[in-house]
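Working notes for the structure below.
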Amino acid sequence: MEIFHSFQEITGFTGAVVALGTFDGVHRGHQMVMKTAIKRAAACGVKTMVVTFTAHPLSVLCPDKEPLRLATIGQKAEYIEAVGIDGLVLLPMSEHLLQESPEEFCQNLLTYIHPSAIVVGSNFTYGAKAAGNTETMKFFMSQYDIPVVALTLLERPGRTTPISSTVIRRLIQMGHMETAENLLGRPFALTGTIVPGDRRGRTIGFATANMLIPINMAIPPDGVYITELWWDGEGHPAMTNIGDNPTFENQYRRIETHVLDWDADLYGKEVSLRFRKRLRGEETFVSADDLVAQMKKDEAAARRFFAKV
C-alpha cells in the first residue's frame, strides 16, 4: 500500500475509487465502506484509495476535549492495508485543513485523484465547521459524473444502534474487551516501547515486559487481562496487568505483561499488545505469596482460553 501525506503528493491513482472517512479505529463499519470501494474498483479495473485524517478535529480546535484514540497513525495504516486498500492519503489535521471550505476539499479530490467513484458512511462531514455532508458532495461530484455512494451505518449485532468509535471507546474503558473485539473485527491493541521495570517479577517467577502507558490512547481499566504480545511478526500468549501494583510500595501506573512459555530481551523494542479478555480487577494482596497464588490462577485461566482458541 502506498502512503501519501497530502493531495499534492499523489501519483498513480487517477480514477481510483475513494473511501472517505475519519476511520478512528478502522472498525467493522469503516471496513464495510472500504470493502465496498474495493468491490466497485474491481468491477471498474481501477485502484482503491482511502482519504483520511491523522487526528480528530478537536485535537486542533480544543485539545483538552479530543476523544481518546483507538489506534495510532501507524496502526491505522496497518489496519487499512489489511483490508486490501491500494493507496492511503493521511491528511495532517491542522487549522488550514479545518478552514478549508467543502468546495475546496471536493476540488482537491477532483484535481489530484479524479475518482471513478466515492464511498462514504452516511454520517460523513467535511470542510470548515463540518458544513459539508454526503448531499453536498453528491451535488458537487454530479457535475463531473462521479457517483457518491453513502452507505447506511453498520448496526451492532443484536442492536438497532450503529457501530461507532464512541461505543467502542466506552467498551474498552469499561474493560469489555471481547465485545470491543467483535465490533472492531480484531482485538483492541496498544503499541509501545518496552522499558526496564523494577525486575521484581523475575524474583516471584513471573518475569514481565513493561510498557509505558501510551499518550492519548483509550486504555482498559486497571486489572488483569488475557493478551497476546506481538513482536517481529509473531504473537505470543500472555497475561497483562494494568495498574500501579498496590501490593508493593512506591509504584506507578504501568502495563506489565508476562508472556507464557517465551522469554526474550525486548528492552527498547516496540511491541503490540492485543487484549482478548479481562480476568479481574486489580487487587491488593497481604503478601507476595498471596499475589503469586492468584497469578498462578490467572495463568491457568489464560492457558484455558488459548487452548480453546
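The values are calculated or read from the model by the stated rules, or taken from the named source; none is laboratory data. Computed from a predicted structure; not experimentally measured. With ideal geometry, Cβ positions are generated from the backbone for all residues, glycine too; neighbour counts draw on all protein chains shown. Quick note on the areas: whole protein, heavy atoms, side chains included, nothing else; ligands and nucleic acids left out. Shrake-Rupley method; radii C 1.70, N 1.55, O 1.52, S 1.80 Å.
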Exercise. For the chain, modelled as a Gaussian network with Cα springs under 10 Å, which listed residue fluctuates most, R278, R159, R169?
Worked result: R159
Seminar exercise, completed: Amide H contacts under 5 Å for V119, restricted to residues at least 5 apart in sequence or on another chain and with H modeled in the peptide plane, are V18, A19, L20, V149
For this session: Enter the accessible area of D263 (Å², nearest 10), with the probe set to 1.4 Å and all protein chains included.
Result: 110
Seminar exercise, completed: Across the chain, qualifying lysine pairs (alpha carbons under 25 Å, at least 8 places apart or different chains) come out at 20
Exercise. In degrees, nearest 10, range 0 to 90: what is the angle between the Cα axis of helix 165-174 and the longest Cα principal axis of the chain?
Worked result: 10
Seminar exercise, completed: Among beta bridges assigned by DSSP with both residues in the chain, the antiparallel ones amount in percent, to the nearest 5, to 65
Problem set entry | Separation of the L153 and I215 label points, Cα + 7 Å toward Cβ, nm | 3.1
Exercise. Relative to the compact globular guide of 2.2 N^0.38 Å, what is the alpha carbon radius of gyration of the stretch 57-144, as a ratio?
Worked result: 1.19
Problem set entry | Estimated FRET transfer efficiency when R0 is 30 angstrom, pair K138-M174 (beta carbons, to 0.05) | 0.20
Exercise. Could the peptides 115-124, 82-91 be put in order, highest first, of the mean number of other beta-carbon atoms found within 10 Å of their residues?
Worked result: 115-124, 82-91
Seminar exercise, completed: So, with points 7 Å from each Cα along the Cβ direction, the E234-T161 label distance in nm works out to 4.2
Seminar exercise, completed: Any residue on another chain or 5+ positions along whose placed amide H is under 5 Å from the amide H of F4 is listed here as L88, V89, L90
Exercise. In a GNM of the chain with a 10 Å cut-off on Cα contacts, which of Q143, Q107, Q173 has the highest mean-square fluctuation?
Worked result: Q143
Problem set entry | Between 0 and 90°, nearest 10: helix 73-83 axis offset from the chain longest Cα axis | 70
Seminar exercise, completed: Kirkwood calc, the stretch 105-191, C-alpha pairs only, radius in angstrom 15.2
Seminar exercise, completed: In whole Å, largest first, the alpha carbons of the stretch 44-195 cover along the principal axes 50, 34, 30
For this session: Over 37 Å, how big is the tail of the calculated P(r) for the chain, in percent of all Cα pairs?
Result: 26
Seminar exercise, completed: Phi angles of the stretch 15-29, converted by Karplus (6.51 cos²θ - 1.76 cosθ + 1.60, θ = phi - 60°) into ³J(HN,Hα) in whole Hz with x for Gly and Pro, give x, 5, 7, 9, 9, 10, x, 6, 6, 5, x, 6, 7, 4, x
For this session: Order the following by accessible area, largest value first: E299, E178. Probe radius 1.4 Å; ligands, DNA and RNA are ignored.
Result: E178, E299
Problem set entry | Over 25 Å [Cα-Cα, the stretch 1-129], rounded percent | 19
Exercise. What length, rounded to one decimal in nm, is gained on full extension from D145 through to A288, with 0.36 nm per residue of separation minus their alpha-carbon distance?
Worked result: 44.5 nm
Seminar exercise, completed: Taking Cα pairs closer than 8 Å and at least 6 residues apart, the relative contact order of the chain in percent is 16
Exercise. Which value, in Å² and to the nearest 10, is the accessible area of F140 when all protein chains are kept and the probe is 1.4 Å?
Worked result: 30
For this session: Return the FRET efficiency for the residue pair Q107, D263: r is the Cβ-Cβ distance, R0 is 45 Å, and the value is rounded to the nearest 0.05.
Result: 0.20
Exercise. Is any residue of the stretch 25-51 close enough, with backbone N under 17 Å, to a label point placed 7 angstrom from the Cα of F7 along the Cα-Cβ axis, and if so, which?
Worked result: 49-51
Problem set entry | Farthest positive-ward along the chain dipole, Cα basis, beta-carbon charges - from N133, T36, F23 | T36
Problem set entry | Packing-based order for 125-133, 24-32, using average beta carbon neighbours within 10 Å, highest first | 24-32, 125-133
For this session: Could you give the size of the charge dipole of the chain about its Cα centre, using +1 on the Cβ of each K and R and -1 on the Cβ of each D and E, expressed in debye and rounded to the nearest 20?
Result: 960
